[in-house]
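The values are calculated or read from the model by the stated rules, or taken from the named source; none is laboratory data. From a predicted model like this one, the values you see are computed outputs, not experimental measurements. Every residue, glycine among them, receives a Cβ derived from its backbone with ideal geometry; neighbour counts consider all protein chains shown.
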Amino acid sequence: MRELAALIFQSVDGVMQAPGAPDEDTSGGFSSGGWAAEYWGPVMEQVLAEAMDKPYDGLFGRKTYEGFAAHWPAQGDSNPVAEILNRARKYVVTSTLDELEWSGAQVVAGEPAESVSALKQTDGPLLQIHGSWQLLQRLFEAGVVDELRLWTFPVVVGEGKRLFADGAVPGRFELTKSGSCSNGVVMSIYRRT
């Protein structure tokens, strides 16, 4: 059985919506996109060393997949993040897409929590979900997320999709590793207990 880790960039107030660019995710009228952009350099060095250093298969909701697929293949393999993402197998939980153009991507159909639980029963490396807020909420509810890989930025966004939405299922995690970047971003890796 493989495990599922969630790789998340969040603000101090828990917002994970659109950290990278103003137009990344404007759903719900969100107008604060790009709130983490000035911090990326040291953060991505740490992410590469701590969360992308071993082979893994990516897991995406449709919206996040579409954003990643439009960006990362064009970056080329000289970009270390692009090289990892482009060569990884990618599972996309969607009921609206039939064909995926990003190399190594395949559709995961059916009820999300059941489909991801079944995927965890297969052989393969760690599954790592990137962003994918709507899917992540379903997976939290079903209790199938084994590890949180959080990078918390010293920014208060005030509005937007938070890591844990209202009505989150109570649970406990154990801190297994922590660190920080010179720019004040804090890494916290938690395992479900």
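Residues of the stretch 5-25 include at least one that is over 24 Å from residue 193 (Cα atoms) and exposed (fewer than 13 other Cβ atoms within 10 Å of the Cβ). One residue is enough: does the stretch 57-76 have a residue meeting the conditions at pLDDT below 95 and assigned to a loop (DSSP other than H, G, I, E, B)? Within the stretch 57-76 (the criterion being at pLDDT below 95 and assigned to a loop (DSSP other than H, G, I, E, B)), the answer is yes, since at least one residue qualifies. Of all the residues in the stretch 53-76, those that are surrounded by fewer than 19 Cβ atoms within 10 Å (Cβ to Cβ) and among the aliphatic types (A, V, I, L, M) number 2. When residues in the stretch 104-131 are screened for being closer than 15 Å to residue 68 by Cβ, at pLDDT 95 or above and in a loop (DSSP other than H, G, I, E, B), 1 of them pass.
Number of residues in the stretch 36-46 that are in contact with a Phe, Trp or Tyr (Cβ under 7 Å, 6 or more places away or on another chain) and not in a loop (DSSP other than H, G, I, E, B) equals 2.
Among the residues of the stretch 76-93, is there at least one that is among the hydroxyl-bearing types (Ser, Thr, Tyr), farther than 21 Å from residue 169 by Cα and without any contact (Cβ under 8 Å) to a residue 24 or more places away in the chain? Within the stretch 76-93, one or more residues are among the hydroxyl-bearing types (Ser, Thr, Tyr), farther than 21 Å from residue 169 by Cα and without any contact (Cβ under 8 Å) to a residue 24 or more places away in the chain. Filter the stretch 68-77 for residues that are small (Gly, Ala, Ser) and out of contact with any strand residue (DSSP E or B) (no Cβ under 9 Å at 6 or more places or on another chain); which is nearest to residue 113 (Cα to Cα)? My answer is 70.
Pairs meeting the criteria (first residue in the stretch 127-148 and touching a residue at least 12 places away in the same chain (Cβ under 8 Å) and charged (D, E, K, R), second residue part of a helix (DSSP H, G or I) and crowded, with 21+ Cβ neighbours inside 10 Å, beta carbons under 9 Å, at least 6 apart or on different chains) are 138/112; 138/116. Scanning the stretch 155-180 for residues that are more than 28 Å from residue 118 (Cβ to Cβ), surrounded by fewer than 13 Cβ atoms within 10 Å (Cβ to Cβ) and touching a residue at least 24 places away in the same chain (Cβ under 8 Å) yields 156, 158, 177. Only residues that are within 15 Å of residue 161 (Cβ to Cβ) and exposed (fewer than 12 other Cβ atoms within 10 Å of the Cβ) were counted in the stretch 26-42, giving 3.
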